[in-house]
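Inspection log for the structure reproduced underneath, given as structure tokens.
The values are calculated or read from the model by the stated rules, or taken from the named source; none is laboratory data. Please read all numbers here as calculations on a predicted model, not as lab measurements. Cβ: placed from backbone, ideal geometry, glycine included. Neighbour counts: every protein chain shown.
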Amino acid sequence: MAPAHSLAHSLDLLDPDAFDGGQPHEAFAWLRDNDPVHWHREPGGPGFWAVTRYDDVKLVGRDPAAFSSAGGILIPDVRAAQDDDAPRMMLEMDAPDHTRYRRLAVPEFLPKAVKGMAPRVEALAVRIIDDVIERGECDLVTEVAGLMPSYVIAEMLGVPLADGVELYDLTETIHSTPDPENPDAGMTAVMAMLEYARGVWADRRAEPRDDLSTALAHATVNGEPLSEIDFGLYFLLLVDAGGDTTRNLVATGMLALLEHPDQLDLLRGDLDGRLDAAIEELLRWVSPVVYMRRTATRPVRLGDKQIAAGDKVVMYYGSANRDPRAFTDPDVLDIGRGPNPHVAFGGGGPHYCLGAHLGRAEIRAMLREILTRLRGLRTAQRPEWLTSTFISGVKHLPVEFDPAPRLGPLLAD
Ligand code: HEM
């Protein structure tokens, strides 16, 4: 453990390398104990408040009147002030617009709707494992965990599964740290996604089908039909939000279980009885979304700090989920933990994850298949972690297992 003063000086939550190997839990622990509402400098920007205690994270997330999403949810200010009226994703809206947009997709994500999709999600999980099981080795991130959310959202939006995988690849490019050799790659990927969405929008306007794209293409907000660009941004958000989050939970959650064989054995010993609690614990442990940002709308006191109107306030979910003020022995992975009021899907405010039920259903199906069918599962090489300050998890996880026969036909469209 580094001495406290050196941690305070070396702390940099904007350095992607600080997230290589997992979230910087030692630094988070120091902040929670010594400076829970910490002013963090930001090269090229005004700086931000890093909020690391569980209660404070919930407080910020649940008070949208004081902490707005309209300034953006990433730390850098990507939106110029004069763009205030430009179209935006609902993730970056406040009420009443946020409420009006969110309402359009809510029915498809309610527990009842997700329950109806469960057999299909389970069938997809079987086929994903089928496609690797005869080989006895694979990359658990790209060839297993990443496919499930791409396929499921593709089915909901009514586009071919293969297109779902390509759209997901575009979101990866959008999230990547800009490559100096190809600085426009992110913007090109956004344009490609919006172009694809434009085609779907035009198609469903002309020929309605029974899918979420049709519901959105024919939806109205304030009496006006959703424009092509509003549809495109909604489409992008749906493809994006459930992708690397669910993928990282499954792959990084499996890595955590492999690193804690006692917990893995416990889970395998009673999968039906323990899987649901284990999923909640893996959500707490991995916390795939590192942070969400808000912007103060007025002067407000948080902890012992005075926040000024316009200040950026950042909720660190991974830190809140390891706060000993909220969880007993937070640094112990305990698949039987209960209650487990983690904030991996957000702290419970209006932006609370729309896909929480769906994500759980995908994770449940994938973990069940992995745990029951990939016998002798072990890591083959050291995992490669994402170096992102926003999304946490492994990027590549080469694994080996005992080859076994597939159960169904090839995964075709
Ligand atoms: C392990 C999986 C997932 C995690 C950890 C996760 C986490 C989150 C978090 C932290 C937020 C922001 C909450 C807030 O600001 O209060 C969020 C929002 C959102 N998530 Fe998820 N998510 C997951 C899966 C999904 C899935 C499968 C979908 C389905 C498409 C989805 C769709 C969304 C949407 C649309 C929003 C924005 C909601 C709004 O602005 O009202 N998520 N998610």
### Task
Within segment 286-321, work out how many residues are basic (Lys, Arg) and more than 20 Å from LEU14 (Cα to Cα).
3
### Task
Identify all residues within segment 47-75 that are among the charged types (D, E, K, R) and in a loop (DSSP other than H, G, I, E, B); write none if there are none.
ARG53, ARG62, ASP63
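Does PHE235 satisfy the criteria of being crowded, with 21+ Cβ neighbours inside 10 Å and without any contact (Cβ under 8 Å) to a residue 40 or more places away in the chain? Spell out the reasoning first.
On the way: crowded, with 21+ Cβ neighbours inside 10 Å: yes; without any contact (Cβ under 8 Å) to a residue 40 or more places away in the chain: no.
It is false that PHE235 is crowded, with 21+ Cβ neighbours inside 10 Å and without any contact (Cβ under 8 Å) to a residue 40 or more places away in the chain.
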### Message
Report every pair of residues separated by at least 6 positions or lying on different chains whose Cβ atoms are under 8 Å apart, first residue within segment 149-166 and within 10 Å of GLU362 (Cβ to Cβ), second within 14 Å of the ligand (Cβ to nearest atom) and among the acidic types (Asp, Glu).
### Response
PRO149/GLU362; VAL152/GLU362
### Task
Take GLY164 and decide whether it is in contact with a Lys or Arg (Cβ under 9 Å, 6 or more places away or on another chain) and modelled with pLDDT of 95 or more.
no
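Looking at segment 305-316, is at least one residue over 15 Å from ALA50 (Cα atoms), away from the ligand (no atom under 14 Å from the Cβ) and buried (at least 21 other Cβ atoms within 10 Å of the Cβ)? Can you show your working first?
Initial filter on segment 305-316 (over 15 Å from ALA50 (Cα atoms)): 309.
Filter once more, keeping what is away from the ligand (no atom under 14 Å from the Cβ): 309.
Now drop any that are not buried (at least 21 other Cβ atoms within 10 Å of the Cβ), which leaves none.
Scanning segment 305-316, I find no residue that is over 15 Å from ALA50 (Cα atoms), away from the ligand (no atom under 14 Å from the Cβ) and buried (at least 21 other Cβ atoms within 10 Å of the Cβ), so the answer is no.
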### Task
Please find, within segment 286-302, the residue that is nearest to the ligand (Cβ to nearest atom) out of those that are of a type outside the set (Val, Ile, Thr) and part of a loop (DSSP other than H, G, I, E, B).
PRO288
### Task
Please give the number of the condition VAL200 fails out of (1) under 21 Å from the mean Cα position of the chain (by Cα); (2) farther than 21 Å from LYS395 by Cβ; (3) buried (at least 21 other Cβ atoms within 10 Å of the Cβ).
(1)
### Query
In this structure, does LEU367 turn out to be of a type outside the set (Gly, Ala, Ser), at pLDDT 95 or above and within 16 Å of the ligand (Cβ to nearest atom)?
yes
### Summary
When HIS396 is run through (1) within 16 Å of the ligand (Cβ to nearest atom); (2) under 18 Å from the mean Cα position of the chain (by Cα), the failure sits at (1)
### Task
Pull up segment 245-273, narrow it to residues that are touching a residue at least 60 places away in the same chain (Cβ under 8 Å) and farther than 20 Å from ILE129 by Cβ, then point me to the one that is farthest from the ligand (Cβ to nearest atom).
LEU266
#### Entry: Unmet requirement for ASP276, which otherwise passes all of (1) crowded, with 19+ Cβ neighbours inside 10 Å; (2) under 22 Å from the mean Cα position of the chain (by Cα)
(1)
### Query
Do you know which residues across segment 369-413 are buried (at least 17 other Cβ atoms within 10 Å of the Cβ) and farther than 30 Å from ILE174 by Cβ?
LEU371, ARG373, LEU374, LEU377, PHE401
### Task
Considering (1) at negative phi; (2) part of a loop (DSSP other than H, G, I, E, B), say which one GLY44 fails and leave the rest.
(1)
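Test MET193 against the criterion of being away from the ligand (no atom under 13 Å from the Cβ) and without any contact (Cβ under 8 Å) to a residue 12 or more places away in the chain, and give yes or no. Steps first, please.
Numbers: away from the ligand (no atom under 13 Å from the Cβ): yes; without any contact (Cβ under 8 Å) to a residue 12 or more places away in the chain: no.
Answer is no for this residue.
Results for (1) in contact with a helix residue (DSSP H, G or I) (Cβ under 7 Å, 6 or more places away or on another chain); (2) hydrophobic (A, V, I, L, M, F, W, C); (3) surrounded by fewer than 18 Cβ atoms within 10 Å (Cβ to Cβ), shown as yes or no for each residue.
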site: ALA95; (1), (2), (3): no, yes, yes
site: GLU122; (1), (2), (3): yes, no, yes
site: ILE133; (1), (2), (3): yes, yes, no
site: CYS138; (1), (2), (3): yes, yes, no
